Amino acid sequence: MKPMELDMRNHGFTWKPARGPFRLIDEAQARSFNERGFFLVENALDRPALERTIDAIAPWEEKGEEYLRTQPNKRMFIAEADGITFTVHLVKRSWTLRQLSAAPVFADLCHDLIGRDVRLYWDQAVYKKPGYPKPFPWHQDNGYTYVEPQQYLTCWIALTDADESNGCPWVVPGSHLRGTLKHHLTELGWVCRIEDGPEATPVPAHAGDVVVFSSLTPHRTGPNLTQEVRKTYILQYAPEGARVVESDALCNAPDRQYPIVKDGNRVAPPPL
């Protein structure tokens, strides 16, 4: 398979490895993150936490679905009514989700994998509806909005069981080490790779598990061929001082990009 090209803004990238001492992860998880670009945290959320999270997302996701139905072809960019919804910036609307974003499991992941000063960068719920036949194509998270440092963290929280039948993540292990790859825009989103190739690896997750991967890990999700909604909530974290290259804006919007770890310590989220 032809090697994937680099983004033209990606000059001299060097992967910053996670090194201990660690608060949450073990050496095997650190090695997997450094070498393969991902690992799984099992049972990160218990059943009551899952139910609170799903309940907090529900009214906003439903509003988003209703809005999509009013749009031409019932679509807006990569969102599609009765197909796939992206409900963003929920921490601006829900204290439950604000608290979750700064929960010890995520604060400690930030400490172990990013460093001593970390902010929430982005949050969104992504729901794939029953029988939705389209994949979400291969991309890196930094391929959507180019951020420096390129290396930040994605926590893909399975709110329902996710496997190959309903759209669990697939990753390309090791490709994160090259930095941001060249992407091109399609009707399904930004794409850095067309074919799976033999190295593509599914990462199934039970409800409450978290798939942890780098912003530079190429990943995709498949169609939802089941009769149930596949639900996930995604939290992304970036080091203090991270900025969006196109606008040179710092990723520090106080209402949604608040500190999670400061001087190595967990930080409580600010009030709504």
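Out of region 1-108, which trypsin sites (Lys or Arg not before Pro) are coil in DSSP terms and have no more than 16 other C-beta atoms within 10 Å?
R9, R19, R23, R93
Scan the chain and hand back the longest stretch that contains none of the GluC sites (Glu not before Pro) lying in DSSP loops with at most 10 other Cβ atoms within 10 Å.
43-186
Restrict the search to region 196-272; then list the trypsin sites (Lys or Arg not before Pro) that DSSP places in a loop and that have at most 13 other Cβ atoms within 10 Å of their Cβ.
Working: sites: R220, R230, K231, R243, R256, K262, R266; in loops: R256.
Passing both the DSSP loop test and the Cβ count: no residue.
Checking the a/c ratio against 1.5 first, then a/b against b/c, what shape does the Cα gyration tensor give for region 1-78?
oblate
For Q124 and A253, what does the FRET efficiency come to when R0 = 22 Å and r is the distance between their Cβ atoms, rounded to the nearest 0.05?
The value I calculate is 0.90.
Of the residues K16, K182, K128, which exhibits the maximal mean-square fluctuation in a Gaussian network model of the chain defined by a 10 Å Cα contact cut-off?
Among K16, K182, K128, the largest mean-square fluctuation in the Gaussian network model of the chain belongs to K16.
With a point put 7 Å past each Cα toward its Cβ, work out how far K16 is from V229 in nm, to one decimal.
According to this spin-label approximation, the distance is 3.7 nm.
How would you classify region 27-239 from its alpha-carbon gyration tensor, with a ≥ b ≥ c the square roots of the eigenvalues: rounded for a/c under 1.5, else prolate if a/b is greater than b/c, otherwise oblate?
Working: a/c = 1.44, a/b = 1.13, b/c = 1.27.
Rounded, since a/c falls under 1.5.
Checking the table K16/K129; K16/K182; K92/K262; K16/K63; K63/K262; K92/K231 against a 31 Å threshold on Cα-Cα, which pairs fail?
Numbers: K16/K129 37 Å; K16/K182 21 Å; K92/K262 21 Å; K16/K63 40 Å; K63/K262 35 Å; K92/K231 20 Å.
From K16/K129; K16/K182; K92/K262; K16/K63; K63/K262; K92/K231, over 31 Å: K16/K129; K16/K63; K63/K262.
From the square roots a ≥ b ≥ c of the eigenvalues of the alpha-carbon gyration tensor of region 1-130, which class results: rounded (a/c under 1.5), prolate (a/b over b/c), or oblate?
Judged from the Cα gyration tensor, region 1-130 comes out oblate (a/c at least 1.5, b/c at or above a/b).
Under the rule of -39500 (n - 2.57) per DSSP H run of 4 or more residues, summed and divided by the residues of the chain, what mean residue ellipticity at 222 nm is obtained, to the nearest 500 deg cm²/dmol?
Here the helix-only value at 222 nm equals -6000 deg cm²/dmol.
Counting only C-alpha contacts under 8 Å and six or more residues apart, can you give the relative contact order of the chain as a whole percent?
Over the chain, the number comes to 30 percent.
FYI, it's all coordinate maths here, none of it is from the lab. On a predicted model such as this, the values are computed, not experimentally measured, just so you know. Don't worry about glycine lacking a Cβ; one is built from the backbone with ideal geometry, like all the others, and counts go over all protein chains shown.
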